[in-house]
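Everything below concerns the one structure shown next.
Derivation of every value follows stated rules applied to the coordinates shown; laboratory data play no part. Nothing here was measured: the structure is a model prediction, and the numbers come from that model. All Cβ positions, glycine included, derive from the backbone under ideal geometry; neighbour counts span all protein chains shown.
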Ligand SMILES: [Zn+2]
């Protein structure tokens with residue numbers, strides 16, 4: 001074996017991981033040594049003969065596990081962005097070991113005694129605000145991990161954590177394998193309706209898969225969605241849609257259905273041991289929303305108006321379909337296709353007309369320029385750093401005084417071995433405890449690569465949204481690592497990204513950076529006006545899709561007896577109960593893929609849509625129940641609601657709110 005780079009100090013510029021020297025076989029010994037070192041550091045804290053102080057306990061805890069953090073971050077980022085059989089095998093092997101390691105520390109009796117003692121007299125310790133917060137968060141973390149439980153309950157908690165780590169890992173790998181194994185191979189005769197950019201992307205995907213001269217559509221959103229929008233081949237749209245929405249639920253080796261049932265049951269057991277009624281109550285207790293009722297109340301304010309809006313949209317789609325001589329009902333694989341026709345008719349706006357103005361590189365520059373204007377930071381591309389894939393690019397970030405802020409890596413293209421969605425993550429967190437440590441941030445997207453790569457309007461918003469998360473990490477100014485950047489409450493973390501994404505559609509951004517990829521000409525004012533006017537188009541469909549998913553997520557995690565859950569039946573009955581419009585598509589299995597994903601340490605109410613994940617921002621205190629309708633719950637033994645639904649006219653009052661939720665991509669790895 002080559003020398004293990006994790007056992008050396010990295011001499012790469014800015015402490016960038018030496019990707020050119022890191023091999024899969026380096027991870028197991030590095031994990032083993034890192035866990036042993038971490039245990040030794042914890043033993044020093046718990047074995048000290050001195051009385052506990054903030055410095056010898058909390059700060060010592062902050063300093064512990066550095067090697068483990070370094071190894072884990074490189075591993076988890078590579079496993080998400082550029083995995084292979086070797087990394088996947090290591091993930092399966094080490095997920096339970098790492099879970100066991102963390103649980104043992106969290107349930108270490110002596111460690112908790114020390115922290116508990118400090119916590120009890122925290123107001124008298126003369127701590128600064130960040131230190132007080134740090135002490136409180138460490139204490140709460142241990143309590144929520146089971147520190148106050150009896151020994152036999154602690155054993156149960158440990159066993160559950162270990163098993164969940166196994167299940168979460170298998171779950172994510174199953175989805176990835178389904179995505180990797182499935183492709184729609186097309187001949188020229190199958191391309192009817194596809195605009196040039198979609199044909200070019202499909203040709204490139206075919207080339208990447210050794211099928212030069214043909215065309216391939218994959219389950220990446222940036223590949224599937226244009227096909228569903230433009231292909232006039234209903235049979236192919238149906239095949240694609242069914243495969244897209246069934247990822248991880250095909251019978252066989254990649255089937256996640258039994259895993260979901262076990263995960264939901266184990267989470268409920270975990271919550272019960274900790275004294276909560278259900279997992280939703282446990283998970284949300286440490287969020288700004290605090291309760292499942294608060295989350296549900298907020299979701300319901302959107303749900304009925306969104307359904308009414310979707311029904312109105314459906315009527316328009318049916319009219320267009322009838323005009324084309326199609327008299328069959330609209331199916332989920334038809335929605336995007338006919339919606340695009342309605343959009344063209346109502347707003348005189350054609351996706352194929354818009355896309356040539358959204359060149360990826362220009363929009364990246366637009367994001368950098370926006371950050372410069374807002375925060376004074378500049379981005380300079382570096383060409384001499386080792387990277388893990390040729391698609392990845394890296395920039396040095398400096399502040400207005402020219403001081404180094406951190407590194408920003410951009411990994412923008414879909415490929416086999418990269419999980420779907422868009423997310424922001426770090427290789428290193430900012431902190432200043434012993435010395436100034438600058439962050440190393442990576443943003444991932446899954447755009448179809450082209451020459452040049454052209455984005456949809458929605459892709460460009462996603463790019464900016466993730467960039468907002470990236471800035472949250474880059475602009476962090478804290479003393480302690482565990483308070484760095486996006487290490488905030490889960491229902492706060494989307495705030496900076498949601499704010500930032502709005503600069504993408506600011507007219508001054510578009511006028512300057514939305515330029516035609518061939519002529520370099522700015523987008524004509526008339527097109528710009530039509531584009532911005534159409535932003536709320538089809539939002540009934542989008543809002544129903546994610547809100548229905550969020551409500552399901554919440555209900556599943558409030559289920560009183562998940563041990564005996566028949567998932568298919570649960571889904572069916574739930575969809576009936578909330579009157580989910582059939583035409584929007586009930587791809588619940590897809591939604592559940594987020595609920596049970598490895599990154600699922602998130603509150604219920606977070607839902608994925610077609611590979612992206614959306615997160616539901618919730619208020620700091622419970623909101624009043626909406627008067628218009630409610631979701632009756634079988635748990636409460638009530639019948640389906642007959643309450644009148646909010647009329648479509650009320651859509652306008654919630655549309656901006658709904659659009660904001662829609663934009664809030666959940667970016668799991670940016671989460672604390
Ligand atoms: Zn996000």
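A simple spin-label model places pseudo-atoms 7 Å from Cα toward Cβ; at residue 7 and residue 328 they are separated by 6.3 nm. Pairs of alpha carbons in region 416-478 separated by more than 17 Å make up 51% of all such pairs. At R0 = 60 Å, how high is the FRET efficiency between residue 123 and residue 255 if r is their beta carbon distance? Nearest 0.05 is fine. Efficiency for this residue pair is about 0.70.
Size descriptors for region 461-560, from the alpha-carbon set: Rg then Dmax equal 18.7, 61 Å. In the chain, the longest principal axis of the Cα atoms and the axis of helix 66-81 are about 20 degrees apart. In this simple spin-label model, placing a label point 7 Å from the Cα along the Cα-to-Cβ direction at both residue 400 and residue 14 gives a separation of 2.1 nm. For region 197-283, the percent of C-alpha pairs falling in each 5 Å distance bin, counted from 0 to the bin holding the largest distance, reads 3, 13, 15, 13, 12, 10, 9, 8, 8, 6, 3, 1, 0.
For region 356-526, list log₁₀ I(q)/I(0) at each q in 0.12, 0.14, 0.15, 0.16 Å⁻¹, using the Debye formula over Cα point scatterers of equal strength and ignoring solvent, two decimals each. Each listed q maps to, in turn, -0.55, -0.75, -0.86, -0.97. With N the number of residues in the chain, Rg(Cα) / (2.2 N^0.38 Å) evaluates to 0.96.
Normalised by the number of residues in region 356-526, the average gap of Cα pairs under 8 Å and 6 or more apart makes the relative contact order 25 percent. Normalised by 2.2 N^0.38 Å, with N the number of residues, the alpha-carbon radius of gyration of region 253-373 equals 1.67.
For the chain, averaging the sequence separation of C-alpha pairs within contact (under 8 Å, six or more residues apart) and dividing by the residue count gives a relative contact order of 17 percent.
Helical content alone sets the calculated 222 nm signal of the chain at -16500 deg cm²/dmol, taking -39,500 (n - 2.57) per DSSP H segment of four or more residues and averaging over every residue. Each pair of Cα atoms in region 35-82 enters the Kirkwood radius, and Stokes-Einstein at 25 °C and 0.890 mPa s then converts it into a translational diffusion coefficient of 204 µm²/s. Compared with the dominant principal axis of the Cα atoms in the chain, helix 129-145 is inclined by about 80°.
If a spin label sat at a point 7 angstrom from the Cα of residue 234 along the line to its beta carbon, the backbone N atoms of region 314-332 nearer than 12 Å would be those of 321-332.
Averaging Cα coordinates gives a centre for region 121-159 and one for region 528-543; these two points are 47 Å apart. Stretching residue 563 away from residue 148 to a fully extended chain increases their span by 146.9 nm, per 0.36 nm per residue minus the current alpha-carbon distance. For region 1-154, the alpha-carbon radius of gyration amounts to 1.20 times the rule-of-thumb value 2.2 N^0.38 Å expected for a compact globular protein. Per residue, how big is the convex hull of region 182-245 when only Cα atoms are used? Give it in Å³. It is 70 Å³ per residue. When restricted to Cα atoms, region 503-554 yields an Rg and a Dmax of 16.1, 49 Å, respectively. For the chain, the longest principal axis of the alpha carbon atoms and the long axis of helix 109-120 meet at an angle near 80°. Take each peptide in 308-319, 444-455, count the other Cβ atoms within 10 Å of every residue, and average; sorted highest first, the result is 444-455, 308-319.
Based on alpha-carbon atoms, the Kirkwood radius and the radius of gyration of region 132-231 give Rg/Rh equal to 1.37. Would you mind computing, in nm to one decimal, how far apart the modelled labels at residue 499 and residue 353 are, each placed 7 Å from Cα along Cα→Cβ? For the pair residue 499/residue 353, the computed spacing is 3.6 nm. How would region 47-123 be classified by its alpha-carbon gyration tensor: rounded, prolate or oblate, with rounded meaning a/c under 1.5 and the a/b versus b/c comparison settling the rest? It is prolate, given that a/c is not under 1.5 and a/b is the larger ratio.
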